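For reference, the structure is listed below as C-alpha cells.
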Amino acid sequence: MTHFRPTRRTMLAGALAGSGLLARGPSALAASGGAARAVYGAAVRGDALANDPAYAKAIAERCRTIVPEGGLKWAVIRPNRETFDFTEADRIAAFAGRLGLGLRGHTLAWYGAMPAWAEAITSRVEAERVLTGHIETVVSRYAGLITSWDVVNEPIPDDPAASEGLRPFVWSRTLGADYIPIAFRAAAAADPAARLVLNEYDVEFVGARFQRRRDALLGIARGLVDSGVPLHAIGLQAHLPADRAIDRDGLQAFLREIRAMNLDVLVTELDVIDASLPGDVDTRDRRVAETARAFLSTVHEVVPPSAILTWGISDRYTWVPMYFTRSDGLPNRPLPLDATMRAKPLMAVIEQFTRRAA
Ligand code: XIL
C-alpha cells in the first residue's frame, strides 16, 4: 500500500514552497530570543487533519512539530506480515512537509499496539529478524523527515517490583532485555542522524512505585549508554492525573542523572487527566494548567526540555476518555485548546516554556 511515497526532496520542496520553513529558521528564532526554549508540538490524527479544517488550522498555527498519534504503530502499519501500510503516516508527513513542521516518530517497539501475527512469534531468531526488518523499513522511509523517534516506548511494567524487570510482550519474551539495544541499533543504522528516544510514563509522582519506575528507567538508560548504544534522549510522556503530586526532589534527582549521562529530555505526551477535578469549567481549566505548570517548572529547573508535545491539541480529539471518563459524565478537558479550538489556561502555561510558533 505504498500509494504515495514522499521523498525527502519533494517534502522539503513542499515545505519551502509553503514558505513556513524560512520564517521558522534558526536566525528568526535567535532574533526572537527564544532559542533556548522548547519547540511546541502535538500528536495528530490523520482523519481529523483531512476532515476538520479548524483542527488543521490550530495545528498549523500553534505547532512547530507534530507526531502521528497512532499512524506509525505496528497495529496500523503492519496489519499482516507481508504488508506495510503507510497511508496514515504519509498523510501526516505530507502535512508537516507542506507547513515546514518538524516530525517525530512514535513508536518502534511498544507492547500496546502489537498485531496478533507478530505477538505470536516465539523464536528468538525470527523475532530479531522481524523487529529489525520493521525498524529498517520504517525508519529509512522517513529518514530526514522524522528527525526524532520514540524507539522504545513503555518498557517498564506498571510496578517494576511486582513483576520481573521488563514489561512482557513478544520482544521481551523472545529477546529478553536485548530487544532494547537491538531496536536502538537498528534505528541508528537506518537513519544515523535521527535522535533516538526512550519514552516512559509515570516517573514524576510521589510514591514508592514511581521511585521504582524512575530507578528502573535510569537502569535501562545507563545500561545503554555504558555499552555504547545510540540513545540520545529520555521522553517523559507526562500524562498527569491532576490529583497526583509531582515528586519535586525525586524527579529532579532523576533528571540530574539523565543530564549526567549527556542525554536530552523531551516532554512527549503531555495532558492532564481531569477525572478527579470539579466539574466547573473555570476551576477545572485552572487546575489543569496548574498541574502542568508544576510539572514543567520542576523539569525546567534542571533541564529545559528540547520539545514539549501534548497528546492531541484540542479536547475535541483526546484519548483520555478511553481510560479516564468522569463519573459526572462531563467531557474531559485535558488539552490546551477546548473543543471549539479556543485556547485554555494550559496553552498559556505551555507558551511560557516554548518558542512561539512563527
Ligand atoms: C493512545 C492513543 O492516543 C489512542 O488513540 C490509542 O487508541 C491508544 O494509544 N501512551 C502512549 C501512546 O505512548 O501511544 C498512547 O496513545 C497513550 C499512552
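Every number in this text was worked out from the coordinates using simple rules, so none of it is lab data. Values in this document were obtained by computation on a predicted structure and should not be read as measured data. Note that we place each Cβ from the backbone using ideal geometry, even for glycine, and neighbour counts take in every protein chain shown.
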Across the chain, where is the longest run that never hits GluC sites (Glu not before Pro) in a DSSP loop with at most 11 other C-beta atoms within 10 Å? 165-358
I need the phi-derived Karplus couplings for the stretch 91-105: 6.51 cos²θ - 1.76 cosθ + 1.60, θ = phi - 60°, integer Hz, Gly and Pro marked x. 4, 6, 5, 5, 4, 4, x, 4, 9, x, 8, x, 9, 9, x
So in the stretch 8-355, what percent of DSSP beta bridges are antiparallel if you round to the nearest 5? 5
For the chain, Kirkwood radius (reciprocal of mean inverse C-alpha pair distance, Å): 20.7
For the stretch 162-321, what does the relative contact order come out to in percent, with C-alpha contacts under 8 Å and a separation of six or more? 21
Quick one: Karplus J couplings for the stretch 294-307, per residue in order, coefficients 6.51, -1.76, 1.60, θ = phi - 60°, nearest Hz, x for Gly and Pro? 4, 5, 5, 6, 4, 5, 4, 4, 9, 8, x, x, 6, 8
Whole-Hz ³J(HN,Hα) for each residue in the stretch 118-126, computed from phi via Karplus 6.51 cos²θ - 1.76 cosθ + 1.60 with θ = phi - 60°, x for glycine and proline: what do you get? 6, 4, 7, 5, 10, 8, 4, 4, 5
Need the C-alpha centroid separation for the stretch 147-197 versus the stretch 267-305, integer Å. 28
Given backbone amide H placed at 1.01 Å from N, residues whose amide H is under 5 Å from that of Arg104, ignoring those fewer than 5 places away on the same chain, are Ile66, Val67
